[in-house]
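Novice: First the structure, which I've put down as structure tokens, then a few questions once you've had a look.
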Amino acid sequence: MTSKDLLSRAAELMPGGVSSPVRAFKAVGGVPPFIASASGCTMTDVDGNTYIDYIGSWGPMILGHTHPDVTAALEAAVRKGTSFGAPSPLEAEMAQEIVDRVPSVEMVRFVNSGTEATMSAIRLARAATKRDVILKFAGGYHGHADSFLIQAGSGVATFGAPDSPGVTPGAAKDTRVARFDDLESVRTILEQDKGHVAAIIVEPVPGNMGVTRFDDGFLPGLRALCDEHGALLIFDEVMTGFRVHRGCASSLFGVTPDLSTFGKVIGGGLPVGAYGGRADLMRMISPSGPVYQAGTLSGNPLAMTAGLATLRGLTENVYAQLETQSAKLQAGLEDALREAVVTGVVQRVGSMLTLFFHDGPVRNFDDAKACDHDRFAAFFGGMLERGVHLPPSGYEAWFVSAAHDDTAINKTVSAAREVLRGL
Ligand SMILES: *Cc1c(COP(=O)(O)O)cnc(C)c1O
């Protein structure tokens, strides 16, 4: 069966034929390639096309697909049992790996997705502060829990539905939305809701409205405002964690959050999330403390194995290589934009990058929405035809992996040059 056949069959059985909305290509048009296999920096579809992949499963495949170490570790683990529902040695090993790398994290709890991590982290923040209100940023995505589905960027923005039906006014009433890179908008809310804000949750490098630029003072400013108002600072590092730096964004920017959430990279392509931070807060989690949170498959041995192999593969050399290759890609795309005289900007932090069809920097959700998304759709289609699979929305980060060698980067830049010239 071709991708087209598979999509029409799947669409009869599953909403949009997909398991997560952006995969359906609604923002860019056309039929999404159904993937048969992936290796290194490429994915191959059922129609026999091979693409250079910049989705990277939305971040987890930082070492590249089917990395030999990860595959070998999984093959060995699968023979020892796929789930126990009882403690296993792997969990503490994985926790140690995280605690060693991230100075602000003293203890962690494993869950199964980024969504679970953020919803559990705000439960803990609310319990610890005995306050109800959560402050997030327009365009910030923190998974699909009710309290976060308010101006949530990415898939939500792609469908022009900033609020989802089914989110009750009760669930939404304790969420406030500030403007990213605008400390005054944060201060205003903290003053209006004085004594009620439990936590500020922020993507320390926004990736879910595209990689957003911000002032050096913004994250330290959030820390100071939290301290002034007795609110906790939560860094949602589900995307940035172990991608932008060995010690996550908190280490890259030298700002210490109270709690952090993880996912994506720490699962190495298997379903994992985690939240962690100050030990005094984490000890409030059940069974040490009263804040309930549980999971049948949490700390799953296969997921821990893939995550451990991935973290161990992320050496200083690999981070240096990710930086070099990503910088080459950025420079190549910038040259291609200039040559084609197309208005656009490439914004990057480490191996996360977005090409925005925008005049000048993109600093917040309004800027991201003001980009030429029709032009992005045309660009996306041209790149796909030339064997480069970008994330299928102009609100997304592209993910460079350790397997993106010079050949892949050069091929991507040549394709971009051709496509941009024809726009
Ligand atoms: C992907 C993502 C989530 C949600 O993680 P899932 O595993 O998809 O539930 C939350 N926060 C951020 C910043 C993300 O990028």
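Novice: Give me the distance between the Cα centres of the stretch 350-422 and the stretch 47-126, rounded to whole Å.
Specialist: For the stretch 350-422 versus the stretch 47-126, the Cα centre distance is 27 Å.
Novice: State which stretch of the chain is the longest one without any exposed trypsin sites (Lys or Arg not before Pro), exposure meaning a DSSP loop state and at most 13 other Cβ atoms within 10 Å.
Specialist: Values: sites that count: 79, 80, 130, 173, 194, 283.
Excluding the exposed sites themselves, the longest stretch runs over 284-423.
Novice: Something else now. In whole percent, and with a 1.4 Å probe on the protein chains, what portion of the accessible area of the stretch 192-325 is carbon and sulfur?
Specialist: Heavy-atom surface of the stretch 192-325 belonging to carbon and sulfur, 1.4 Å probe: 53 percent.
Novice: Quick check for you: with a 1.4 Å probe and neighbouring chains kept, what is the accessible area per residue of the chain, in Å²?
Specialist: With the other protein chains kept in place, the chain gives 40 Å² per residue.
Novice: Quick one: if the Förster radius is 25 Å, what FRET efficiency do residue 386 and residue 216 give, using the C-beta to C-beta distance and rounding to 0.05?
Specialist: With a Förster radius of 25 Å, E is 0.10.
Novice: Here's a follow-up. Two-decimal Rg/Rh of the stretch 292-383 from alpha-carbon positions, Kirkwood Rh?
Specialist: 1.15
Novice: How are the Cα pair distances of the stretch 68-313 distributed, in percent, across 10 Å bins from 0?
Specialist: Result returned by the calculation: 8, 33, 36, 19, 5, 0.
Novice: Another question, then. For a quick check: with amide H placed at 1.01 Å from N, whose amide H comes under 5 Å from residue 269's, ignoring anything fewer than 5 positions away on the same chain?
Specialist: none
Novice: Over the stretch 68-313, what is the mean sequence separation of C-alpha contacts under 8 Å (at least six apart), divided by residue count, expressed as relative contact order in percent?
Specialist: 31 percent
Novice: Okay, moving on. Within the set 4/369; 136/264; 130/264; 264/369; 4/264; 173/194, which residue pairs have Cα atoms separated by over 27 Å? Kindly include the intermediate steps, with their values, before the conclusion.
Specialist: On the way: 4/369 30 Å; 136/264 21 Å; 130/264 30 Å; 264/369 25 Å; 4/264 29 Å; 173/194 16 Å.
Exceeds cut-off: 4/369; 130/264; 4/264.
Novice: Looking at the stretch 36-115, which chymotrypsin sites (Phe, Trp or Tyr not before Pro) are in a loop (DSSP not H, G, I, E or B) and have at most 13 other Cβ atoms within 10 Å?
Specialist: Qualifying residues, ordered by number: 84.
Novice: How far, in nm, would the chain grow between residue 18 and residue 331 when pulled straight, counting 0.36 nm per residue and subtracting the alpha carbon separation?
Specialist: Result for the pair: 109.2 nm of gain on full extension.
Novice: From the P(r) of the chain, can you give the percent of Cα pairs sitting at distances over 43 Å?
Specialist: Considering the chain, 9 percent of its Cα-Cα pairs are separated by more than 43 Å.
Novice: Which value, in debye to the nearest 20, gives the size of the charge dipole of the stretch 68-313 about its Cα centre, when Lys and Arg are +1 and Asp and Glu are -1 at the Cβ?
Specialist: The dipole magnitude comes to about 360 debye.
The values are calculated or read from the model by the stated rules, or taken from the named source; none is laboratory data. It should be emphasised that the depicted structure is a prediction, and the values quoted were computed from it without experimental measurement. A quick note on method: Cβ atoms are made from the backbone with ideal geometry, for glycine too, and the neighbour counts reach across all protein chains shown. Note: accessible area is taken over every heavy atom of the protein model, side chains too, but ligands, DNA and RNA are not part of it. Shrake-Rupley method; radii C 1.70, N 1.55, O 1.52, S 1.80 Å.
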